[in-house]
Structures are given as structure tokens and as C-alpha cells.
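Visitor: The following block contains the structure, expressed as C-alpha cells.
The values are calculated or read from the model by the stated rules, or taken from the named source; none is laboratory data. All values derive from a computational prediction rather than experimental measurement. Because the Cβ atoms are built from the backbone with ideal geometry, glycine has one as well, and the counts that use them run over all protein chains shown.
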Amino acid sequence: MNDTPILLVDSYAQIYRGFHAVRYLSTPDGVPTNAVFAMTKFLLKLHKEHPSRNGAFVFDKGKPAFRMELAPGYKANRPPMPDELKVQIPVIRELVRAFGWSLIEHEGYEADDLIASLAKAFPQNQVFIFSGDKDISQIIDSRVSMLVPNPAGDVAKRGIEEVKKKFGIAPGQIADYLALVGDTADNIPGVPGVGPKTAAALLNQFGAAENMFAHLDEVKRDTLRKKLEDSGDRFAINLKLVRLDDVPPEGTVWTLDSVRRSEPDFAAIRAIAKKCRSKASSRRSTRLPGRNPKNRETTSSHSPEPPRNRNPEKRLIP
């Protein structure tokens with residue numbers, strides 16, 4: 001196996017996490033900057049811990065056409081992006097590029113699908129996926145693992161054994177599991193009467209949902225058997241919705257150049273921090289290479305500095 005690991009970041013998941021974790025910050029003109037501040041902190045930590053690691057920040061772009069055709073209500077319950085966050089996205093994208101990371105997106109594709117195809121494209125490389133999305137658990141194997149953040153700032157590695165412990169099944173059964181239980185976050189209704197424990201028990205009994213539906217007479221509970229008999233079509237649609245598409249977009253060939261990280265442009269990073277003009281971002285920019293702390297530029301902010309984290313610094317990648 002190649003000794004160069006690849007890091008793939010579920011970008012919007014990380015952006016939303018930072019947006020909600022950092023209280024409101026703005027420039028003197030009132031432009032929100034809290035998500036920019038959070039991403040700056042994240043990128044600085046990545047650079048400090050893994051300055052030469054390759055990888056990419058992967059973004060959703062547009063609506064997934066094939067899922068919308070299957071289920072027009074797919075993700076319809078999600079509120080639109082807040083205006084206070086939307087205005088920060090161009091700056092965050094600029095910031096990610098300045099730190100040398102590739103931005104990967106494709107019209108009509110969700111980040112999860114692109115991440116799945118990228119992970120599959122490099123069979124000789126260990127792949128870490130920075131995300132808390134349970135859907136991604138289905139592509140975990142001996143080479144691919146997740147890095148799952150939590151509100152306390154910890155990051156837990158999720159591999160095969162962690163999936164088994166959390167869900168009671170193997171990664172290869174996750175798509176069937178999600179199709180059975182549904183996903184309220186994505187507006188996917190599950191099979192009536194089938195919760196997480198029942199789904200895990202069924203998959204452990206039959207191995208796969210396809211085998212289960214072929215042998216429903218072996219389901220002991222009459223009420224459950226009847227619900228499964230009545231939900232075959234619902235399950236089939238759900239499975240297509242939750243199963244990640246690991247085929248690259250048409251005409252796209254992933255190579256190591258797709259995820260190769262370039263040298264950070266610290267002058268550009270400082271310029272972005274200056275443009276945002278918040279005290280917190282400005283002070284962090286003085287810590288970048290090539291900047292003399294004695295000649296710091298002071299800036300003003302209409303918002304207080306975020307509270308200091310009194311906990312010891314935790315590594316993003318265990």
C-alpha cells in the first residue's frame with residue numbers, strides 16, 4: 001500500500017459545524033465572518049499537524065438529478081442555507097484554495113458520491129474521510145476510514161470495528177440498513193415498524209436485504225413479516241437513494257493530481273484575514289509563516305472574540 005494517505009473533507013458538513021459552533025462575528029461593515037473564522041482555525045490545524053498530506057475539500061453542487069427523479073421530496077425538509085452563512089461561502093472557498101487544497105465538485109452531484117468515487121479511485125492509498133455523515137460508513141473497509149468530529153472538539157476514527165459497534169452490522173450492510181430504517185434528515189421514510197435494532201437483527205439473520213425479501217417466510221413475527229411484504233417497493237427506492245454512487249462523473253478520471261496539495265499561499269491567507277477584518281482572524285494570521293509578529297496590523301470588529309478553548313489541543317487525525 002502506498003504510504004501517502006489521502007484526506008477527503010465533506011466540506012459543507014464542516015462549514016455548517018463551524019458556523020453553528022462559533023458565535024456571531026462580523027466585519028465593521030456587518031459582514032458575517034464566524035464560519036470563515038472556524039474554517040481558518042480548522043485549516044491552520046490541518047496544516048500544523050499534516051503539512052504535506054494530500055487530499056481535497058469536496059462540495060455538493062446543485063441537486064442530485066437521479067435521486068430527485070426517484071423521490072421529489074428528497075431532502076425537501078431541509079431549510080435553505082442562512083443568508084449569514086451564504087455570504088461567507090465564497091471567502092471560505094478562497095481560503096481553502098489559499099491553503100493549497102483542491103476543491104472538488106460537479107454539477108448534480110452530492111459530496112458523498114464524489115467522496116465514494118475518489119476513495120475507490122486510489123486502491124493503493126489509505127483514505128481518511130473527515131465527516132460525521134453515517135451514509136459514508138458504507139464505504140469503510142481496511143483501507144478507508146472516517147474521522148468523525150463531535151461538539152467537544154474530539155475526532156474519533158471510525159473503521160470496520162467501530163461501524164460494527166455503533167450499528168451492530170458490517171460496513172457492507174449499511175446501505176441496506178439505511179434503506180430499512182430511513183433517514184429523517186434526508187426525508188426518506190423507512191419501512192414501518194423497522195427501527196435500528198430490528199434492522200440490525202434482520203441483517204444479521206439474513207446477511208443482506210435481498211436475501212431477506214427472498215425468504216420472508218423465515219421472519220418469525222407475523223406483523224413484521226406483513227410490513228416487510230408491503231414495503232418491497234419502498235425499500236427498493238430507499239436503497240437507490242441511500243447507496244452512494246462511486247462512479248466518477250462522465251468524462252472525469254481521478255488521478256493523484258486531482259488530490260495533490262500545493263504549497264499554501266500565506267500572503268493570500270493573510271490578505272483574506274485582513275479583508276474579513278475580525279480581531280480573531282487578524283491575530284491568527286500573524287502566526288502564519290513569513291509574518292513578523294512585531295509588525296502586527298490591528299483590526300476592529302463589532303463582535304466579541306469567540307471564547308477561548310480551555311481544553312488541550314486535540315489532533316484532527318488520530
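Visitor: Scanning for something among the β-branched types (Val, Ile, Thr), over 14 Å from the mean Cα position of the chain (by Cα) and farther than 28 Å from Val144 by Cβ, does the stretch 96-111 turn up at least one residue?
Guide: To start, the set of residues in the stretch 96-111 that are among the β-branched types (Val, Ile, Thr) comprises 96, 104.
Now narrow it down to the ones that are over 14 Å from the mean Cα position of the chain (by Cα): 96.
Now restrict to residues that are farther than 28 Å from Val144 by Cβ: none.
Among the residues of the stretch 96-111, not one is among the β-branched types (Val, Ile, Thr), over 14 Å from the mean Cα position of the chain (by Cα) and farther than 28 Å from Val144 by Cβ, which makes the answer no.
Visitor: Okay, next question. Of the residues Leu147, Leu180, which single one is more than 30 Å from Met39 (Cα to Cα) and not acidic (Asp, Glu)?
Guide: Just a single option satisfies the conditions, and that option is Leu180.
Visitor: Give the residue that is surrounded by the most Cβ atoms within 10 Å (Cβ to Cβ), with candidates limited to residues of the stretch 70-94 that are under 18 Å from the mean Cα position of the chain (by Cα), of a type in the set (A, V, I, L, M) and in a helix (DSSP H, G or I).
Guide: Ile92
Visitor: Next up: Go through (1) within 20 Å of Asp112 (Cβ to Cβ); (2) modelled with pLDDT under 95 and name the single condition Cys276 misses.
Guide: Going through (1) within 20 Å of Asp112 (Cβ to Cβ); (2) modelled with pLDDT under 95 one by one, Cys276 breaks only (1).
Visitor: Here is a further query. Do you know which of the residues in the stretch 134-166 that are modelled with pLDDT of 95 or more and part of a loop (DSSP other than H, G, I, E, B) is surrounded by the most Cβ atoms within 10 Å (Cβ to Cβ)?
Guide: Filtering first and then ranking leaves Ile140.
Visitor: Here's something else I'd like to know. Within the stretch 196-239, take every residue that is closer than 17 Å to Phe167 by Cβ, among the small types (Gly, Ala, Ser) and in contact with a Phe, Trp or Tyr (Cβ under 8 Å, 6 or more places away or on another chain) and give me the one that is surrounded by the fewest Cβ atoms within 10 Å (Cβ to Cβ). Lay out the reasoning, then the answer.
Guide: Applying the first criterion (closer than 17 Å to Phe167 by Cβ) to the stretch 196-239 yields 196-209, 212, 238-239.
Going one step further and asking which of them are among the small types (Gly, Ala, Ser), we end up with 199-201, 207-209.
From the residues that got through so far, the ones that are in contact with a Phe, Trp or Tyr (Cβ under 8 Å, 6 or more places away or on another chain) too are 199-200, 209.
Details: Ala199: 24, Ala200: 18, Ala209: 24.
So the residue we want is Ala200.
Visitor: All but one of (1) at pLDDT 95 or above; (2) crowded, with 17+ Cβ neighbours inside 10 Å hold for Leu46, so report the exception by its number.
Guide: The one condition Leu46 does not meet is (1).
Visitor: Which numbered condition in (1) surrounded by fewer than 21 Cβ atoms within 10 Å (Cβ to Cβ); (2) not in a helix (DSSP H, G or I) is the only one that Val9 fails?
Guide: All conditions pass for Val9, except number (1).
Visitor: Suppose we filter the stretch 12-36 for residues that are touching a His at 6+ places or on another chain (Cβ under 7 Å), more than 16 Å from Lys86 (Cβ to Cβ) and not in a loop (DSSP other than H, G, I, E, B); how many remain?
Guide: The total comes to 0.
Visitor: Can you pull out the residues in the stretch 74-94 that are more than 11 Å from Ala35 (Cα to Cα) and touching a Phe, Trp or Tyr at 6+ places or on another chain (Cβ under 7 Å)?
Guide: Within the stretch 74-94, none qualify.
Visitor: For the stretch 228-261, enumerate the residues that are among the β-branched types (Val, Ile, Thr) and in a loop (DSSP other than H, G, I, E, B).
Guide: Result: Val247, Thr252, Val253, Thr255.
Visitor: Here's another thing I want to ask about it. Do we find a residue being within 23 Å of Asp154 (Cβ to Cβ) and assigned by TED's automatic domain parsing to the domain that holds Phe130 anywhere in the stretch 61-75? Break it down into steps so the answer makes sense when it comes.
Guide: Let us first name the residues in the stretch 61-75 that are within 23 Å of Asp154 (Cβ to Cβ), namely none.
Checking the stretch 61-75: not a single residue is within 23 Å of Asp154 (Cβ to Cβ) and assigned by TED's automatic domain parsing to the domain that holds Phe130.
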